[in-house]
Amino acid sequence: MVSLENQALRRDILEGFLARAFGTIKMGLYARVSTHDQQTLALQRDALVAYAQQRRGAIVTVVEDVGSGGQERRQRETLMRAARRRELDAIVVWRLDRWGRSLADLVSTLHELHELGVGFISLSEALDFTTPTGRAMAGMLAVFAEFERGILRERVKAGIAEARRRGTRHGRPPTVAHQGEAVRQLAADGLSKSAIARQLGIGRTSVRRLLDAAAVRRSSGPG
């Protein structure tokens, strides 16, 4: 007897990206491990390749990152560039936290892939983000990401209010200088410069200048 859970999974597969695609599906596979936990890299790679073969997909590229925490996932960006060039139909990952540097980063990249028409599959969570279940999960993640952004905005407002209470003088900020704290916090959360620019509605060049200015201040501080 087929369980309700299995029935739902089968329905998602039938309605998902892989079932709707015509011809051979071009897949990009992504694996990531921390610096101190590299023994699972082969396990991830084998599982991703097995999945692609099971779905009779064409493996365009297998990308691997090694790093800790919210560090820049440099190799992941090669997959995003391939997606933007329409070289991929789907990206397959071992687990959601292997892909996203933070919740906000995960939601931002999933949104971009959706806009590009590129599928996203996470094996451990059995999620295809083009299915009804996957879209529901993406919606929940977006809600939590907005909650995080709300907390950030409140922290920024509280900081400004405290500065005013102390009598700190505020001249007219040059265009986006008042966004500096928000830019630094989002960068610390792992968002790319492009994602920060989209989220705050400012230019990518402005984001880079604000982050460069923050780096200079840190380097010129007490040693």
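The values are calculated or read from the model by the stated rules, or taken from the named source; none is laboratory data. On a predicted model such as this, the values are computed, not experimentally measured, just so you know. Cβ sites come from the backbone with ideal geometry, for glycine too, and all protein chains shown count toward neighbours.
Given the residues 45, 11, 73, which is the only one that is more than 24 Å from residue 104 (Cβ to Cβ) and at pLDDT below 80? It would help to see each step written out before you state the result.
Values: 45 fails: at pLDDT below 80; 73 fails: more than 24 Å from residue 104 (Cβ to Cβ).
Result: 11 is the single residue among 45, 11, 73 that is more than 24 Å from residue 104 (Cβ to Cβ) and at pLDDT below 80.
Per the conditions (1) closer than 28 Å to residue 183 by Cβ; (2) part of a helix (DSSP H, G or I), the sole criterion not satisfied by residue 40 is (1).
To keep it simple, each residue is scored yes or no on (1) touching a Leu at 6+ places or on another chain (Cβ under 8 Å); (2) at pLDDT 80 or above; (3) more than 26 Å from residue 90 (Cβ to Cβ).
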{"position": "111", "(1), (2), (3)": "no, yes, no"}
{"position": "116", "(1), (2), (3)": "no, yes, no"}
{"position": "124", "(1), (2), (3)": "yes, yes, no"}
{"position": "133", "(1), (2), (3)": "yes, no, no"}
{"position": "147", "(1), (2), (3)": "no, no, yes"}
{"position": "153", "(1), (2), (3)": "no, no, yes"}
{"position": "164", "(1), (2), (3)": "no, no, yes"}
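Collect the residues in the range 76-99 that are assigned to a strand (DSSP E or B) and farther than 13 Å from residue 112 by Cβ, keeping them in residue-number order.
Once the filter is applied, which keeps residues that are assigned to a strand (DSSP E or B) and farther than 13 Å from residue 112 by Cβ, the range 76-99 yields 90, 92, 93.
Would you check if residue 118 is closer than 30 Å to residue 183 by Cα, crowded, with 20+ Cβ neighbours inside 10 Å and either hydrophobic (A, V, I, L, M, F, W, C) or not assigned by TED's automatic domain parsing to the domain that holds residue 187 (or both)? Yes; evaluated as a whole, the condition is true for this residue.
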